[in-house]
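Report on one structure; see the data block that follows.
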Amino acid sequence: MRGRTIGLIALAAVGLVVLALVTKSRTAQPDHVALRMTVLSGQASKSVQAAWEEYHKHHPEVHLELEVQSDENNFRSTAPATIFNSDGGPDLSWWWCSKSYQWDDMIDAGLLAPLDEIWDGNFSQASVAFYTHADGHKYGVHNALIWSPYVYYNKKIFADLGVAPPKTWDELYAVSDKARAAGYQPIVSNFDWNLIQVLPDALLMRAFSKDEYAAILSNWSKAATPAQKAVKWTDPHGLAVFQKLKEIADRKLLADGFAGASDIQVATSLFTSGKAAMYQNGSWDANGNLAGGGFEVGYFYYPPLGPQSFGSTGSFPANCYIAFKRSKQLDAAKAFIKYLMSREGLLVAAKASGAIPTRTDFSTAETAAMFKPLMAQMLDDGTKLVDPPLFEAMVRSDLADEFKRITGEVLNNVTSPDAAATRLQALWEKARAE
């Protein structure tokens, strides 16, 4: 919902949409409990709204003000220092529990309440390990499985062009050229996240070997081992990432304009209206967001950059719910999160939004009933493929932001691949020395 799905600004500046989930009177009952929750628009808000409507039937004394954030980047970058850190802020929130999204910073600042009691043993060991903080507590709970990126394609356009899903870069460029010649845009996506973060995410796991990939995601830390430090952005496999980004721009693989479509709604519309042959996004789009185009959708993975290629797609384990220690309704907030993460709550959410539940106690029949065929195929792929953690789930936020800035410069021919790799290596070494 990288899900993936995945920064906040002052409430008035992000265009909050308050859903009609609050009763008009807050004083009608002596046992009235009023909760405020922030959530990202789209799949995340659909999940929470559906679960809330069911929860409220059994807990009429609890009332929820659900504030939907429409701007993902602002939501991520400013919330921890603004509304999350305010006495008048929300009681709980949907969030991204990773270093890149200030989760550790909020824990260290004492903003978040432990949610250990919500982890009931029906989650994967990988999720448990990821969410266990250095102090042994869990300050978030993993709410949705997402994988990214995929390249979705219009099967009708591919058939009309006489092409198949590409398995090499030359084949992909050939598909792109044929699409352009026929009047279609090739790959569409949004620039400010998908193309400057998720596209290079794909290239990282397609360029590095397993050990190299693990090293580059962690060797910015003081705790890095000598073997990890030996892996550098300026090594051939690291440099290949930026060389491929430049090649992608030069070969016009992305849509016309500012290195591809700059808005995700525009990109999605270009694809669903049949004006683009391909569309890059995460797994959350497979269960309904691409419907309505009147054509069948397939997907493929970006080709490998060499035989050492580690993964085809990556997982983002950080989509989560958090609760704030300062909340006067902390027990009620935790109780709602517990329902959100129950079998019943996750099943309601999955049916409403297509979010993949993180619990391990769903039967095969239940899973099959939740998802459309495209998502079911992805889930089947997931049992066979290596899905390494995505870069943004593991790297410190300032480094991740610089990574995005530099990859954007390469895509726009502002920075050369050599200069990009050199700058990133210097940043990694500086971070390690701090």
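His133 meets the stated requirement of being open to solvent by less than 50 Å² (accessible area, probe 1.4 Å) and over 20 Å from the mean Cα position of the chain (by Cα).
Evaluation of Ser189 against the conditions (1) at pLDDT 95 or above; (2) open to solvent by less than 10 Å² (accessible area, probe 1.4 Å); (3) within 22 Å of Gly408 (Cα to Cα) shows that the sole unmet condition is (1).
So that you can scan it fast, the table gives a plain yes or no per residue for (1) polar (S, T, N, Q); (2) in contact with a helix residue (DSSP H, G or I) (Cβ under 6 Å, 6 or more places away or on another chain):
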residue	(1), (2)
Leu115	no, no
Ser148	yes, yes
Trp169	no, no
Gly183	no, no
Pro200	no, yes
Asn219	yes, yes
Lys229	no, no
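Give segment 143-186 a look and list any residue that's assigned to a strand (DSSP E or B), within 30 Å of Thr360 (Cβ to Cβ) and not polar (S, T, N, Q), or say none. Once the filter is applied, which keeps residues that are assigned to a strand (DSSP E or B), within 30 Å of Thr360 (Cβ to Cβ) and not polar (S, T, N, Q), segment 143-186 yields Leu145, Trp147, Tyr150, Val151, Tyr152. For segment 376-393, indicate whether the set of residues that are touching a strand residue (DSSP E or B) at 6+ places or on another chain (Cβ under 6 Å) and under 30 Å from Ser86 (Cβ atoms) is non-empty. No, every residue in segment 376-393 fails to be touching a strand residue (DSSP E or B) at 6+ places or on another chain (Cβ under 6 Å) and under 30 Å from Ser86 (Cβ atoms). No other residue among Thr358, Thr313 is β-branched (Val, Ile, Thr) and farther than 21 Å from Ile118 by Cα apart from Thr313. What do you reckon, is Lys244 out of contact with any Phe, Trp or Tyr (no Cβ under 8 Å at 6 or more places or on another chain) and of a type in the set (Lys, Arg)? Spelling it out, it is not the case that Lys244 is out of contact with any Phe, Trp or Tyr (no Cβ under 8 Å at 6 or more places or on another chain) and of a type in the set (Lys, Arg). Output the residue which, of all residues in segment 20-40 that are at pLDDT 95 or above and not hydrophobic (A, V, I, L, M, F, W, C), is least open to solvent (accessible area, probe 1.4 Å). So, considering only residues that are at pLDDT 95 or above and not hydrophobic (A, V, I, L, M, F, W, C), the one least open to solvent (accessible area, probe 1.4 Å) is Thr38. Within segment 115-130, the set of residues being over 22 Å from the mean Cα position of the chain (by Cα) and open to solvent by 40 Å² or more (accessible area, probe 1.4 Å) comprises Asp116, Glu117, Asp120, Gly121, Asn122.
Contact map, segment 362-375: first residue closer than 19 Å to Tyr153 by Cβ, second residue modelled with pLDDT of 80 or more and in a helix (DSSP H, G or I), Cβ cut-off under 8 Å, separation 6 or more or different chains; pairs are Lys372/Ala286; Leu374/Ala286; Met375/Ser283; Met375/Ala286. If you go through segment 174-217 and pick out every residue that is under 17 Å from Phe242 (Cα atoms) and not acidic (Asp, Glu), you end up with 20. For segment 120-137, enumerate the residues that are touching a strand residue (DSSP E or B) at 6+ places or on another chain (Cβ under 6 Å) and not polar (S, T, N, Q). The answer is Tyr131, and nothing else.
Applying a threshold of 7 Å to beta carbon distances and a minimum spacing of six or more residues, or different chains, the list of pairs starting in segment 97-119 at a residue that is modelled with pLDDT of 95 or more and ending at one that is open to solvent by 50 Å² or more (accessible area, probe 1.4 Å) reads Gly110/Lys325; Leu111/Asn85; Leu111/Lys325; Leu112/Lys325; Ala113/Lys325; Pro114/His137; Asp116/His137; Ile118/Lys338.
Yes or no, residue by residue, for (1) farther than 21 Å from Thr234 by Cα; (2) hydroxyl-bearing (Ser, Thr, Tyr):
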site: Met375; (1), (2): yes, no
site: Val386; (1), (2): yes, no
site: Asp398; (1), (2): no, no
site: Arg405; (1), (2): no, no
site: Thr422; (1), (2): no, yes
site: Trp428; (1), (2): no, no
site: Arg432; (1), (2): no, no
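Of all the residues that make up segment 241-269, how many are aliphatic (A, V, I, L, M), out of contact with any strand residue (DSSP E or B) (no Cβ under 7 Å at 6 or more places or on another chain), buried (at least 19 other Cβ atoms within 10 Å of the Cβ) and on the phi < 0 side of the Ramachandran plot? Reasoning before the result, please.
At the first step, the residues of segment 241-269 found to be aliphatic (A, V, I, L, M) are 241, 245, 248-249, 253-255, 259, 261, 264, 266-267.
Of the ones still in play, those that are also out of contact with any strand residue (DSSP E or B) (no Cβ under 7 Å at 6 or more places or on another chain) are 241, 245, 249, 259, 264, 266.
Right, trim to buried (at least 19 other Cβ atoms within 10 Å of the Cβ) and you get 241, 245, 259, 264.
The next check asks that each one be on the phi < 0 side of the Ramachandran plot; those that pass are 241, 245, 264.
Matching residues across segment 241-269 total 3.
Once segment 41-61 is narrowed to residues that are touching a helix residue (DSSP H, G or I) at 6+ places or on another chain (Cβ under 6 Å) and of a type in the set (A, V, I, L, M, F, W, C), the residue that is surrounded by the fewest Cβ atoms within 10 Å (Cβ to Cβ) is Ala50.
Considering segment 90-112, and only residues there that are open to solvent by 10 Å² or more (accessible area, probe 1.4 Å) and small (Gly, Ala, Ser), the residue that is nearest to Ser221 (Cα to Cα) turns out to be Ala109.
Do we have any residue at all in segment 216-239 that's closer than 20 Å to Leu172 by Cα and either buried (at least 20 other Cβ atoms within 10 Å of the Cβ) or at pLDDT 95 or above (or both)?
To start, the set of residues in segment 216-239 that are closer than 20 Å to Leu172 by Cα comprises none.
Taking every residue of segment 216-239 in turn, none turns out to be closer than 20 Å to Leu172 by Cα and either buried (at least 20 other Cβ atoms within 10 Å of the Cβ) or at pLDDT 95 or above (or both).
Annotation: of all residues in segment 139-160 being open to solvent by 30 Å² or more (accessible area, probe 1.4 Å) and at pLDDT 95 or above, the one that is nearest to Ser77 (Cα to Cα) is Lys155.
The values are calculated or read from the model by the stated rules, or taken from the named source; none is laboratory data. All of these numbers come straight from a predicted model, not from anything done at the bench. FYI the Cβ positions are ideal-geometry reconstructions off the backbone, even for glycines, and counts take in every protein chain you see. Heads up: the accessible areas ignore ligands, DNA and RNA and are worked out on the full protein's heavy atoms, side chains in. Shrake-Rupley method; radii C 1.70, N 1.55, O 1.52, S 1.80 Å.
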